[in-house]
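To start, the structure itself, in structure tokens.
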Amino acid sequence: MDEGRRRAYLKAMGITPWVLREAPEPAGSAVLQDEGEASPVPESEAPARPEMPVPESDTSGLDWEALTEAVRDCRRCPLHAGRTQAVFGVGNPDADWLFVGEAPGREEDRLGEPFVGRAGQLLDAMLAAAGHSRQEVYIANILKSRPPNNRDPEPEEIAACLPWLRRQIELVRPRVMMLVGRIAAQTLLETTSPLGRLRGQVHQVPELGIPAVVTYHPAYLLRSPQQKPKAWADLCLALDVLEGRQ
Ligand code: URA
């Protein structure tokens, strides 16, 4: 991409190349959900926990068609009861670059596609700034069903849903993954380290052995635009891996 075009994209993202001042890391985790208002859910509104442990599910033999159907009909956690539809994933099934977010928000639940709300528009702008489009990459979430009021996913929900994502990753076999936000990063890297400490390096996703770069969630960037230069640095690191410079 020529420099003028890249600068125009960066401007659209709200990034000025000369912003050098370091803003302090956010305390604790980034707030992760679309619409920018991840308010804690009162216990009474939280879905009931599964009464039985979630059975191991073997997704290893599933092709795209069988996987899509299985996710559409999935009832492995209580979130299925409140969703409009399961949000499977979108993009190029042979993509070199795979993005993993947290969970569908209101718009994603309504339209059946990940990252189509305000956070998704920023993700599209970031992709364009990096010279890519959402049709070219693959985008999926840790959870396929929307948690009520965009609350954080429960560990049981993540455990129930993760086999679907792992199979998606196996089928795409990307050259690099972008782990967008704390939940995606901590889940796939099997760590409790804060997001700020996971950024800035290339990880290997355990078992899958795929290089992965951690970045801020675009919903957090909408609230904290001063962090956008760091997100841009994360994208550039992933591009280095993608283009064989790392
Ligand atoms: N936030 C996410 O993490 N994923 C989406 O699909 C939308 C918002």
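The values are calculated or read from the model by the stated rules, or taken from the named source; none is laboratory data. Here the structure is a predicted model, which is why all the values come from computation and not from measurement. Cβ atoms come from the backbone with ideal geometry, glycine included; neighbour counts cover every protein chain shown. The protein model used for the area step is the full one, side chains on, heavy atoms only, and it has no ligands, DNA or RNA in it. Shrake-Rupley method; radii C 1.70, N 1.55, O 1.52, S 1.80 Å.
Distance between the C-alpha centres of region 166-185 and region 88-103: 7 Å, rounded to the whole angstrom. Surface calculation, 1.4 Å probe, protein heavy atoms: residue 236 sits at approximately 40 Å² accessible.
Distance between the modelled labels on residue 73 and residue 233, one decimal in nanometres: 4.9 nm (7 Å Cα→Cβ projection).
Rounded, prolate or oblate: pick one for region 62-242, where a ≥ b ≥ c are the square roots of the eigenvalues of its C-alpha gyration tensor, a/c under 1.5 means rounded, and failing that, prolate if a/b is larger than b/c, else oblate.
Details: a/c = 1.44, a/b = 1.30, b/c = 1.11.
Rounded is the answer for region 62-242, as its axis ratio a/c remains below 1.5.
With the other protein chains left in place, how much accessible area per residue, in square angstrom, belongs to region 62-242 at a 1.4 angstrom probe? List each step's numbers first, then the result.
Details: 6640 Å² over 181 residues.
With the other protein chains kept in place, region 62-242 gives 37 Å² per residue.
Just subtract the alpha-carbon distance of residue 190 and residue 170 from 0.36 nm times their residue separation and send over the number in nm, one decimal.
Working: separation 20, 0.36 × 20 = 7.20 nm, distance 1.75 nm.
Full extension from residue 190 to residue 170 adds 5.5 nm.
Label sites at residue 66 and residue 135, each approximated as a point 7 angstrom past Cα along Cα to Cβ, lie 3.1 nm apart. Counting only protein heavy atoms and a 1.4 Å probe, tell me what percentage of region 62-242's accessible area is made up of carbon and sulfur. Roughly 47 percent of what the probe reaches on region 62-242 is carbon or sulfur. Counted residue by residue at 0.36 nm each, then reduced by the alpha carbon distance between them, the extension gain from residue 243 to residue 110 reaches 44.3 nm.
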